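The block underneath contains the structure these notes are about, expressed in structure tokens.
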Amino acid sequence: MLIVKKFGGSSVANAERIKHVAQTIVNSYNEGNRVVVVLSAQGDTTDELIEKANEINPNASKREMDMLLATGEQQSVALMAMAIQALDVPVISLNAFQCKISSTSNYSNARIKDIATERILNELDNKKIVIITGFQGVNRSLDVTTLGRGGSDTSAVALAAKLEADICEIYTDVDGVYTGDPRVIKGAKKLNEITYDEMLELASLGAKVLHNRSVELAKKYNVNLVVRSSMTDAEGTIVKEETKVEKMLVNGVAVDKDVARISLVGVKNEPGVAFKLFSVLSKEKISVDIIIQSIGRDDKKDISFTTTREDLAQTLSLLDQNKERLGFDSVSYNDRVAKVSVVGAGMATNPGVAAKMFEATFDAGINVNMISTSEIKISILVDEKDADRAGNAIHDKFIGSGVEI
Ligand code: ADP
Ligand code: ASP
Ligand code: MG
């Protein structure tokens with residue numbers, strides 16, 4: 001079998017973990033498998049590198065940030081190769097340049113375009129274990145790019161798709177996908193299986209157990225994807241097209257704290273204002289999530305929307321630069337908010353879900369600032385300090401209690 005195994009930061013955090021993982025990899029190789037390994041940077045390395053950069057220049061260009069951040073993964077692959085060499089097994093580490101992982105140009109959030117598999121297949125034919133840097137690509141100018149935080153999952157799935165691997169195993173610090181973040185949601189239950197669509201929704205709403213683009217790719221190329229623990233042998237969660245288990249109304253709860261709310265107060269109540277506003281933002285690749293617009297009174301209205309916290313400063317400065325053109329009175333913002341979502345197929349057709357969700361937040365005394373619904377999820381915006389409590393209350397209501405509506 002050709003197996004792609006991806007290990008996240010905590011799984012390779014120190015020498016002991018690296019040696020443990022090296023043994024797992026070698027065991028799989030000794031069973032006769034062709035093994036490709038994708039690694040993240042060790043532990044908190046990526047965060048530490050960002051801090052280091054901020055000490056020197058908080059406005060450093062994204063190109064230089066990527067140049068710096070990509071070094072974290074490169075350390076991991078070399079160290080892992082050394083650990084496997086110590087076990088006397090043939091191995092080679094490769095970075096994105098060496099295995100030609102080409103990406104779009106946008107630094108810090110690039111997408112993988114293609115991977116030239118020749119080098120990797122050659123090394124596998126030479127009976128080597130191949131260890132590849134996650135999270136990085138190379139753009140048209142031959143510069144290093146990164147794929148967005150958590151992007152190593154996407155590197156692994158892209159490699160599995162391109163190499164037509166039999167399985168792509170994502171090893172992490174929990175033993176599978178749960179109905180909520182097991183570190184936050186007390187009653188979170190492990191799922192044996194989840195569909196690509198449900199997983200995609202959870203990942204996009206902030207369940208960082210898988211990078212959302214990795215799920216998109218897995219669905220597109222029908223990659224056999226498993227999330228499991230690097231510390232225990234527990235069976236993980238299989239992510240696939242269709243699951244055997246009976247459809248639950250709610251599959252999970254996600255809490256996303258990487259959210260900022262921005263409000264434009266006193267916008268002119270005339271056609272084209274929202275168009276102008278959101279095209280200014282989209283030109284700069286700022287993605288906007290929840291949007292609400294107040295009903296106009298007199299000739300003015302208010303528009304509120306959310307972005308990631310990372311994009312907040314740039315958004316505020318764009319609004320300032322375009323104040324005259326957009327014609328608003330003032331801007332207010334809050335970067336201490338969070339989004340709590342419930343995800344599940346068939347929600348749109350079940351009018352009870354929204355009521356039940358608001359009953360949960362009401363019972364917990366939590367104020368809801370914004371609401372957004374779609375076919376498959378309902379999201380609310382709450383104060384960050386209430387987010388975990390809201391997540392737990394909503395999870396208890398739908399899943400913890402085990403009662404279906
Ligand atoms: P890695 O470094 O292995 O990539 P991450 O920290 O990116 O690990 O992702 C694993 C973490 O995702 C877990 O430690 C857990 O706290 C969090 N998480 C959030 N939502 C979920 C969920 N629904 N199921 C499992 N883990 C979740
Ligand atoms: N090291 C990168 C990060 O911390 C990529 C990853 O872990 O997947 O975001
Ligand atoms: Mg991750």
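The values are calculated or read from the model by the stated rules, or taken from the named source; none is laboratory data. Just so you know, these numbers come straight off a predicted model, no measurement behind them. Here the Cβ is made from the backbone with ideal geometry for all residues, glycine too, and neighbour counts use every protein chain on show.
Output the qualifying pairs, or none if there are none: Cβ atoms under 9 angstrom, residues six or more apart or on different chains, first residue in the range 27-40 and closer than 23 Å to GLU118 by Cβ and among the acidic types (Asp, Glu), second residue within 16 Å of ligand 1 (Cβ to nearest atom) and in a strand (DSSP E or B).
No pair meets every condition.
Pick from the range 142-167 the residues that are outside any loop (DSSP other than H, G, I, E, B) and away from ligand 3 (no atom under 14 Å from the Cβ): which of them is farthest from ALA116 (Cα to Cα)?
That would be ILE167.
When residues of the range 312-340 are filtered for being among the hydroxyl-bearing types (Ser, Thr, Tyr), in a strand (DSSP E or B) and under 26 Å from the mean Cα position of the chain (by Cα), how many remain?
Going through the range 312-340, the residues among the hydroxyl-bearing types (Ser, Thr, Tyr) turn out to be 315, 317, 330, 332-333.
Add one more test, that the residue is in a strand (DSSP E or B), and what stays is 330, 332-333.
Filter again for under 26 Å from the mean Cα position of the chain (by Cα), leaving 333.
So the answer is 1.
If I ask for residues that are closer than 28 Å to LYS244 by Cβ and acidic (Asp, Glu), which ones from the range 135-194 would you list?
The answer is ASP153, GLU164, ASP166, GLU169, ASP173, ASP175, ASP181, GLU193.
Mind telling me which of the residues THR71, THR46 ends up being part of a helix (DSSP H, G or I), in contact with a Ser or Thr (Cβ under 9 Å, 6 or more places away or on another chain), without any contact (Cβ under 8 Å) to a residue 60 or more places away in the chain and within 11 Å of ligand 2 (Cβ to nearest atom)? Spell out how you get there, then give the answer.
Details: THR46 fails: without any contact (Cβ under 8 Å) to a residue 60 or more places away in the chain.
Every option except THR71 fails the conditions.
For the range 1-26, give me each residue that is more than 21 Å from LEU210 (Cβ to Cβ) and polar (S, T, N, Q).
ASN14, GLN23
Which of (1) within 14 Å of the chain's Cα centre (by Cα); (2) in a helix (DSSP H, G or I) is the odd one out, the single condition ILE170 does not satisfy?
Unmet for ILE170, out of (1) within 14 Å of the chain's Cα centre (by Cα); (2) in a helix (DSSP H, G or I): (2).
Tell me, yes or no, whether the range 95-118 has at least one residue that is assigned to a helix (DSSP H, G or I), at pLDDT 95 or above and on the phi < 0 side of the Ramachandran plot.
Yes; the residues of the range 95-118 include at least one that is assigned to a helix (DSSP H, G or I), at pLDDT 95 or above and on the phi < 0 side of the Ramachandran plot.
Please verify whether the range 261-268 includes one or more residues that are of a type in the set (Lys, Arg), over 30 Å from GLU164 (Cα atoms), under 23 Å from the mean Cα position of the chain (by Cα) and buried (at least 22 other Cβ atoms within 10 Å of the Cβ).
yes
Can you say whether ASN350 is surrounded by 13 or more Cβ atoms within 10 Å (Cβ to Cβ), polar (S, T, N, Q) and within 23 Å of TYR178 (Cβ to Cβ), as far as the supplied structure shows?
Here the answer is yes, as ASN350 does meet what is asked.
For every residue, the table says whether it meets (1) buried (at least 17 other Cβ atoms within 10 Å of the Cβ); (2) over 21 Å from the mean Cα position of the chain (by Cα).
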{"site": "VAL253", "(1), (2)": "yes, no"}
{"site": "LYS257", "(1), (2)": "no, no"}
{"site": "PHE278", "(1), (2)": "no, yes"}
{"site": "LEU281", "(1), (2)": "yes, yes"}
{"site": "LYS285", "(1), (2)": "no, no"}
{"site": "ILE290", "(1), (2)": "yes, no"}
{"site": "SER294", "(1), (2)": "no, yes"}
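Have a look at LYS52, LYS6, LYS62 and point out the one that is among the basic types (Lys, Arg) and within 21 Å of ALA156 (Cα to Cα). I'd like the intermediate steps shown before the answer.
Working: LYS52 fails: within 21 Å of ALA156 (Cα to Cα); LYS62 fails: within 21 Å of ALA156 (Cα to Cα).
Of the residues listed, the single one that is among the basic types (Lys, Arg) and within 21 Å of ALA156 (Cα to Cα) is LYS6.
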